[in-house]
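Encoded as structure tokens, the structure appears first; notes follow it.
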Amino acid sequence: MTRRIDIALAGLGNVGRGFLKILETKEARLATQYGLALRVVAVADSSGLAVAADGFDPRGLRLHKEAGQRVADLPTFCPGMGLGDFLAQPDSCQMLLEASPVQLTDGEPGLGYVRSALTAGVSCVLANKGPLVLAFHELHRLAAANGAGLAFSATVCGALPVVNIGRRDLIAADVSLLRGILNSTSNFVLDEMVGGRSYGEALAEAQRRGIAEADPSLDVEGWDTANKLTILANSFLGVEVTLADVAVEGITAITAEELAAQRAQGNVIKLVAEARPTENGYRLSVAPLPLPADDFLAGCGGWEMGVEIHSDLYGRMFYKIWEREPLPTAAAMLRDVVGLVENHPAFTGNER
Ligand SMILES: NC(=O)c1ccc[n+]([C@@H]2O[C@H](COP(=O)([O-])OP(=O)(O)OC[C@H]3O[C@@H](n4cnc5c(N)ncnc54)[C@H](OP(=O)(O)O)[C@@H]3O)[C@@H](O)[C@H]2O)c1
């Protein structure tokens, strides 16, 4: 017996198409091992919404976008109707997967989509950090009030399950230090500059690989790292913070000469996110720092990201990942989908 889960997918870019690719290749595995048939019944890109009550063919949809076509070119395009309208309809679907671009002014379109979904009791899985950075606690209250699940392990360090580790595996811990390299684009750019490549060339490669943000200034000016630190702090450091609580400095002012001078002293410059306890919370910062070569974070090179967490109960933990393409982030969304279906009362029917 397989259980059908109807999904609306916002964003058919690198991550959205990666998710479709996973549905193509893992359909049988999801059915046999997890008893699940995931069906995409609504999709939206910048051109609008299309709905297919019987489900889209994931491969056909992916190839359609890869050929440069838009959702508005699909035969089931819904002119005049947005994804928010679809989600507000009764029994529209069971999950929204949100992979539209980060937008930090008002969080749109992602924030509106997630609000519409949660209000209608539709569970949400996010890769887009924007809605959480702007409305973390509001969205959690909305999810709880409507009995919907809300999962977002894909928002921080792609497939590295930092959010899950913090929420699930650090029970009752007081975290005395959290530090990390949370953005692989800026890490790659710094490493390539040490190797003699220009800043512009390295950034262009990250964009070509689909790893950089749609607006790459978010990566190199430190905002993507600050977004992730804000999400981590709200998720498991026990504080309610916003982006305004993070001191942010990016890597745009770092020169090849500075990197070489630090290297001659045995140091590596890394864009480091830190949360350090204060009397009434945590001091949150993002800044390029010279680290001794034997520091754990100094050893996270190129396409790697890493996180170090010290706590009173669980010792010192060190995690890192190598991720050079968006597929692992799409896989993190799949992990969240299965996690919600297997554990959240919206799907298990159990009372919390
Ligand atoms: N790429 C990564 O490795 C990675 C890792 C972690 C998290 N993320 C996050 O995942 C999200 C997606 O990243 P990405 O790399 O896939 O971005 P992307 O390639 O730029 O794709 C963004 C998609 O969103 C669509 N879109 C734009 N406006 C929309 C609207 N109003 N409604 C619905 N869809 C809309 C775009 O439409 P068009 O196709 O018409 O342009 C495009 O399909 C971002 O929030 C990003 O921060 C990405």
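Read-outs: derived from the displayed coordinates by stated rules, not from any lab. Keep in mind the model is a prediction, meaning the values are calculated, not measured. Note that each Cβ is placed from the backbone with ideal geometry, even for glycine, and that neighbours are counted across all protein chains shown.
Overview of values
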item: Linear extension gain, Asn343 paired with Ala72, 0.36 nm per residue minus alpha-carbon span; result: 94.0 nm
item: C-alpha long axis of helix 199-208 to longest principal axis of the chain, angle in °; result: 20 degrees
item: Least to most buried among Met193, Met333, Met317 (fewest other Cβ within 10 Å first); result: Met317, Met193, Met333
item: Cα pair distances in segment 170-322, grouped into 5 Å bins until the bin that holds the longest one, percent each; result: 2, 10, 19, 22, 20, 14, 8, 4, 1, 0
item: Cβ-based net charge around Tyr319, under 13 Å, with every Lys or Arg adding one and every Asp or Glu removing one; result: -1
item: Long-range HN-HN contacts of Leu291 with modeled amide H, under 5 Å; result: Val268, Ile269, Lys270
item: Ranked list, fewest to most other Cβ atoms within 10 Å of each Cβ, for Glu66, Glu213; result: Glu66, Glu213
item: Cα-based helix-to-principal-axis angle, 130-145 vs the chain, degrees rounded to 10; result: 50 degrees
item: Ellipticity estimate at 222 nm from DSSP helix runs (n ≥ 4, -39,500 (n - 2.57)) divided over the chain, nearest 500; result: -11500 deg cm²/dmol
item: Whole-Hz ³J(HN,Hα) from phi, Karplus 6.51 cos²θ - 1.76 cosθ + 1.60, for segment 32-47, glycine and proline x; result: 6, 8, 10, x, 10, 10, 8, 10, 8, 9, 8, 9, 9, 10, 5, 8
item: Principal axes of segment 23-119: Cα extent on each, largest first, Å; result: 42, 31, 26
item: Segment 170-322: antiparallel DSSP beta bridges as a percent of all, rounded to 5; result: 90 percent
item: Cβ-Cβ FRET estimate between Gln89 and Glu325, R0 fixed at 41 Å, reported to 0.05; result: 0.70
item: Share, in percent, of DSSP beta bridges within the chain that are antiparallel, nearest 5; result: 60 percent
item: Point-to-point label distance, Glu205-His140, nm (Cα→Cβ direction, 7 Å offset); result: 3.9 nm
item: Theoretical gain in end-to-end length, Glu279 to Met81 [0.36 nm per residue, Cα-Cα removed]; result: 66.3 nm
item: Principal-axis tilt of helix 110-119 within the chain, Cα atoms, nearest 10 degrees; result: 50 degrees
item: DSSP beta bridge pairing in segment 19-147, given as percent antiparallel to the nearest 5; result: 55 percent
